[in-house]
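The values are calculated or read from the model by the stated rules, or taken from the named source; none is laboratory data. Remember, predicted model here, so these are calculated numbers, not experimental data. Because the Cβ atoms are built from the backbone with ideal geometry, glycine has one as well, and the counts that use them run over all protein chains shown.
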Amino acid sequence: MWNLAQFGNALLPLIEQVEPLEQALDMYREHYQRGWEATLADKLGFDRFEPGTDQALIDELFSVLQLVETDMTIFFRKLATLEIGQLLEGDVDDETLIQPLIDAYYDPSQWTAAERAQIATWLRTYGNRLSKSSTPETARRDRMNSVNPKYVLRNFLAQLAIDQAEDDDMSLLNELLELLRHPYDEQPGQDHFAAERPDWARHRAGCSMLSCSS
């Protein structure tokens, strides 16, 4: 992979000067990083991104999300439902703490004690971070739900729509089209479209990859 200097040298005959290109790329990198941090702050319900504390919290979150099989769309949506008070209660056991998020996980029965403890530890750290915010909980939930979709075009749903369309049945395709016009809204009677991938789709071609909101 080329570094910036090599890339600039390759374009030198076209632009004559490498330095302005490198400056532009550096500026893009900076703006991208700030935008990414702001997006993560919104997804997690923070007033703003605080580099001194939030980067470590987010790094640990990414580790937790990869620790066990997780549907990230459901995870972030459920995260908004957590109450700060419960996250900070010292006598709440790990299982109770994790329970509001349980629908985001594929097989919690197979977790080790260490995996369960790591998830719960992150949740307690997250609750402590939220407690430092001045935003009311209802406003925090609204903000999180405005950037964390409830409905996404999951691979197995897309495959089902393709299968039906090949039989000249466009009903599911049209239903998904209407659903995804408002992916962040609660839509009565449509919760089955927000559920995790079913077992039958785990090994079926076109259905096996997880969908996420990132």
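For the residues T96, T121, T135, the requirement of being at pLDDT 95 or above and of a type in the set (S, T, N, Q) singles out T121.
In summary, F62 fulfils each of the numbered conditions (1) touching a residue at least 40 places away in the same chain (Cβ under 8 Å); (2) out of contact with any strand residue (DSSP E or B) (no Cβ under 8 Å at 6 or more places or on another chain); (3) of a type outside the set (S, T, N, Q) with the single exception of condition (1). Taken over region 125-153, residues that are touching a residue at least 12 places away in the same chain (Cβ under 8 Å), polar (S, T, N, Q) and assigned to a helix (DSSP H, G or I) amount to 4. The single condition from (1) buried (at least 16 other Cβ atoms within 10 Å of the Cβ); (2) assigned to a helix (DSSP H, G or I); (3) of a type outside the set (F, W, Y) that L82 fails is (2).
When I162, I102 are checked against the criterion of being surrounded by fewer than 14 Cβ atoms within 10 Å (Cβ to Cβ), of a type outside the set (D, E) and in contact with a Pro (Cβ under 8 Å, 6 or more places away or on another chain), a single residue qualifies: I102.
Kindly provide the set of residues from region 112-137 that are hydrophobic (A, V, I, L, M, F, W, C), touching a helix residue (DSSP H, G or I) at 6+ places or on another chain (Cβ under 8 Å) and over 13 Å from L65 (Cα atoms), ordered by number. Don't jump to the end; show me each part of the working.
Of region 112-137, the ones hydrophobic (A, V, I, L, M, F, W, C) are 113-114, 117, 119-120, 122-123, 130.
Restricting the remaining residues to those that are touching a helix residue (DSSP H, G or I) at 6+ places or on another chain (Cβ under 8 Å) gives 117, 119-120, 122-123, 130.
Passing the criteria: A117, L130.
In region 184-214, what count of residues is obtained for those that are touching a Ser or Thr at 6+ places or on another chain (Cβ under 9 Å) and at pLDDT 95 or above? Residues meeting the conditions: 2. Checking each residue in region 35-53 for being out of contact with any Lys or Arg (no Cβ under 7 Å at 6 or more places or on another chain) and either on the phi > 0 side of the Ramachandran plot or in a helix (DSSP H, G or I) (or both) picks out G35, W36, E37, A38, T39, L40, K43, L44, P51, G52. Among what's in region 91-124 and is of a type in the set (D, E) and assigned to a helix (DSSP H, G or I), pick the residue that is nearest to L79 (Cα to Cα). Across region 91-124, the extreme among qualifying residues is D103.
D163 passes every criterion in (1) farther than 29 Å from I58 by Cβ; (2) in a loop (DSSP other than H, G, I, E, B) apart from (2). Note on region 141-160: residues that are among the small types (G, A, S) and at pLDDT 95 or above total 1.
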